[in-house]
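Just so it is clear, none of the values below were taken in a lab; they were calculated from the coordinates. Keep in mind that this is a model prediction, so the values were computed, not measured. Because the Cβ atoms are built from the backbone with ideal geometry, glycine has one as well, and the counts that use them run over all protein chains shown.
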Amino acid sequence: MTGTINLKLDINGRSRELAVEPRVTLLDALREHLDLTGTKKGCDQGQCGACTVHVDGKRVLACLTLAAQVEGRAITTIEGLADGDGGLHPVQSAFLEHDAFQCGYCTPGQIMSAVACIREGHTKSDNEIREYMSGNLCRCGAYSHIVAAVREAAEAAS
Amino acid sequence: MTFVTPKSKHGDASDGNLGGRLSRIDGPEKITGRATYAIEHQIEGLVYAVTVQSTIAAGTVKSVDSKAAEASPGVLLVLTPDNITHLKSATTWAGTPGPEGPFLALPKTVRFNGQHVVAVVAETLEQATAAAALIKVSYEETEHVYGLEDPKAGEGVPIDPMTKSWGDAETAFAEAPVRIEQEYKTPREYNVAIEPHGIIAQWEGDKLTLWEPSQWVDGMARSYAEWFGIPFENVRMISPYIGGGFGSKALSLPHGAVAAIAARMLGKPVKLAVTRPQTFTAYGGRPATRQTLALGATKEGKLLSIIQHGVNETSKLGMAVEPLGSVTAIMYAVPNFSSRQNVIPLNTVTPGALRAPGENPSAFGIESAIDELAYEIGMDPLEIRLLNYAEEDPHAKIPWSTRQLREAFAEGAKAFGWSKRTPAPRSMRDGNQLIGWGVAAGTYPVRRTPGEALVRILADGTAEVASSSIDMGQGTYTILAQTAAEVLGIPVDRIRVKLGDSALPRAPVAGGSQLANLMTGAVHKAALAAREELIGLALNHPNSPFLDLQLNTLTIADGTISTPRGERADISIADFMQHIGQEKIETLRDTLPEEKKNTVDRYNNFTTMMAMKSPTEGGYSLHSWCAHFVEVRVDEDFGTVRVSRMVSALDSGRLYNPKLAESQWRGGIIMGIGQALLEEGIIDPRNARVINNNLGDYLVATNADIPDLQVISVGIPDHHASVLGGKAVGELPIVGVAPAIANAVFHATGKRIRDLPITLDKIL
Ligand code: FES
Ligand code: FES
């Protein structure tokens, strides 16, 4: 396969153009072509959640999505979560405050999932948060603090 | 190079000092996606390498058909056992000479299934991946040994330095009124850092730069220097953030050599990212272990004798020892003791270090066995532990520096409500759920190696700390900023910390839970020297506003220099530095003993583990301690086990930042829950392949597996253990979790599970 295709992607409210092979995943497009390395690759096979981004506001695994599939859709990555000017999204602040990470590698995915989890309304109890945050593995074991951060951010949002 | 400056909000001003609950200062970078992990470094002209791993367990690569791959679009290079550069053998981590002969990153001889045998380099990752799939390797297969259960495994090799004995364990056991004897097993377990291993290698002339996640940039840089026969100074390793290591990112590995070879051959920077399935054989995790334990005791539960024989697997290439007697020999006061260990070479990648190597499976054995003894004589499992409490190190026969284990038992039991436990198995239930309460203790030694640090006070009143030590989530950035802030009297948000670069002052391995103690010690020393120099200038510099006062001391706090009794107006450090026209004050200090400051010892100190002191050197036995209390709920019909509640009390000495230490504790406990209930490398006997080599089949704990976890610090400052009073933190908490859960499962069900993980098939 040699041919490349021209794509125009709407990422974090900006239009980004790139020429890639059609087999390039959204994850590799972000990381290897667009200098958006905040979205992490933990498994490249849909099992860890580190690559979670939002497509049209819904959480999606970027490693199981082709870049070509998401043309014309609104993509949000961790870099675009907060509104401009260096501030933090409330979920990011809650993660910092509760020390909901250690190495930080699963963290962008956790935060993107958490924002969606709150939006989906799956934060009615700690157990529900645990269940709906279980697609994101954290080997450092920050789960207790992730639950606390999501709970707090959800309460603040409601 | 990465600078991290504190930006986070925190509770009160004291948080900035050592012991405060400051939020991690690298946090803002990590939660916004700005933290750039090693292989995310952006570099012009990057090309991509992908390896092909062997599909047989033993034999030789007969030939590699790479025609289709070479003709595939974008392919630049195919490396095989026939054309791979032969590197020089590198010194081992222990400081001993490496194996004889050249180092072959893609060897012709296959010794395990999943060994890198070919690498393909192409313009893009997709091209390299596609071309790698076209490689055809033909092998000449020989007989293999797949695991400890393989009848061909044999007895292995006795490891004499592991032998420990005192008294007459055999006779005492034979004569003991109460005897139990059982075998305990742990499977192959994997580190599974969420950031897979990878590397970017780039040559400029004979200078090699490596962006690679590393727990030890100096040690790994040395391997590359020796492999390629270039001076150590020519290798620069950069590892600003590490996406988890747990022991797996401390040593240079074949894939790194492949990337560096390819980069040199092509004259281009090469990125090689190990795929998740490949991580299961690109380096080793914890070897499978088994141990028999014989405990002899009085009818009242006093231990008379412990006899242990342990075995762990290793590879056909290297000798990895997982010391199974480490906890056994120090947990309880026992007059007669014997422990020995064999290692069995078989066809696996050489096992490596995984969180608390040795202590972890060792505790699974002894902490299960003592529980069995408690039931045998009808005693409370907590009581039997207190009855056999070791008042001094029973092996080294020297005092503990501090051992807050009794306090851990007491505090943990109180918080857990242990006194409400009914002793008989299957005596507590909630509907169809059997409830079990279990306890187990854990320990991890305090390891010590000298460190080095640079502290720089700048003209703008800020300060920098620099060290090649690393932060993989333990909180190094944060606690070093806190150390410098406290000593310098400069607010923590004006301190920048620079880590993870072999161009910086040196540090030994971030392993064995030693880094926090040794680096806070080194930064403390360097910062004290900087502070002294600053005060010296304020007292004696001809342009100092304090010169005429003829004082012999000044105070520095909150970034301001003041006279003791307000003789002169305060002046900020920035104003003072400008006043005297000083650009910076820079102090580089190490904690090497005088006789080890020469070039050779210094080099070995930071690039091997030769200088690491044993926990008993110096007259005291130095260890961290913990007690875990667990509640499990076992479904009576299905045998599913859930941990529903846990309380752990831990003695890590003084905590430099309790918020971050608690995170490490919880993280270790969570990894322990996964180890107890889920984790197991499954090997296909036919070809010694790890068949569950992915995160959907090799299960680690998810959020839904983890209940409320309470952690309690019972430590006190221990200045025998370290300058600033801390003991081991990171590896301690996992030790004892699996036996505490196994003990709770027994209490719930009456079934004793002696081989991990505790899965429903073993319970039903
Ligand atoms: S990288 Fe996409 S789920 Fe793991
Ligand atoms: S913070 Fe390290 S994997 Fe989650």
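Annotations for the structure displayed:
- Simple spin-label estimate for A:K8 and B:T640 in nanometres, 7 Å along Cα-Cβ: 5.0
- For region B:95-141: rounded, prolate or oblate by the Cα gyration tensor [a/c cutoff 1.5]: oblate
- The protein assembly as shown: C-alpha gyration tensor shape, a/c 1.5 cut-off, then a/b vs b/c: rounded
- Those lysines that a straight Cα-Cα span of less than 24 Å connects to A:K40, excepting residues fewer than 8 apart in one chain: A:K8, A:K58, B:K7, B:K30, B:K249, B:K271, B:K498
- Computed from label points 7 Å out along Cα-Cβ, the spacing between B:E183 and B:A333 is 3.4 nm.
- Largest GNM mean-square fluctuation among A:A148, A:A50, A:A114, using chain A with Cα springs under 10 Å: A:A148.
- When DSSP beta bridges are restricted to pairs lying wholly in the protein assembly as shown, around 80% turn out antiparallel.
- Length gained on full extension, B:L386 to B:T553: 55.0 nm, using 0.36 nm per residue less the C-alpha separation.
- Max mean-square fluctuation residue, GNM over chain A, Cα-Cα springs under 10 Å, options A:C117, A:C140, A:C51: A:C140
- The charge dipole of chain B, taken about its Cα centre with unit charges on the Cβ atoms of Lys, Arg (+1), Asp and Glu (-1) only, comes to about 260 debye.
- Where trypsin sites (Lys or Arg not before Pro) fall in DSSP loop in region B:553-599, at most 12 other Cβ within 10 Å: B:R565, B:K597
- GluC sites (Glu not before Pro) restricted to region B:313-404 and DSSP loop, no more than 11 other C-beta within 10 Å: B:E391
- Cα gyration tensor, chain B - rounded (a/c under 1.5), prolate or oblate: oblate
- Ellipticity at 222 nm from helices only: DSSP H runs of n ≥ 4 in chain B, each -39500 (n - 2.57), divided by the residue count, give -7500 deg cm²/dmol.
- On the beta carbon distance between B:E44 and B:K152, with R0 = 41 Å, the FRET formula returns roughly 0.20.
- Per residue, the convex hull volume that the Cα atoms of region A:90-157 enclose (Å³): 67
- Here the calculated FRET efficiency for B:R406 and B:E141, from their Cβ-Cβ distance with R0 = 51 Å, stands at 0.35, rounded to the nearest 0.05.
- Computed from the Cβ-Cβ distance with R0 of 45 Å, the FRET efficiency linking B:Q710 to B:A71 stands at 0.15.
- In region B:671-729, the trypsin sites (Lys or Arg not before Pro) that fall in loop regions by DSSP, at most 13 other Cβ within 10 Å: B:R686
- The charge dipole of the protein assembly as shown, taken about its Cα centre with unit charges on the Cβ of Lys, Arg, Asp and Glu (plus for the first two, minus for the last two), comes to roughly 440 debye.
- Taking a straight line from the alpha carbon of B:K316, these lysines sit under 19 Å away, with near neighbours fewer than eight places off in the same chain left out: B:K108, B:K152.
- Secondary structure note: in region A:5-80, about 90% of the DSSP beta bridges are antiparallel.
- Proximal lysines to B:K751, defined as alpha-carbon separation beneath 18 angstrom and excluding residues fewer than eight positions away on the same chain: B:K185, B:K762
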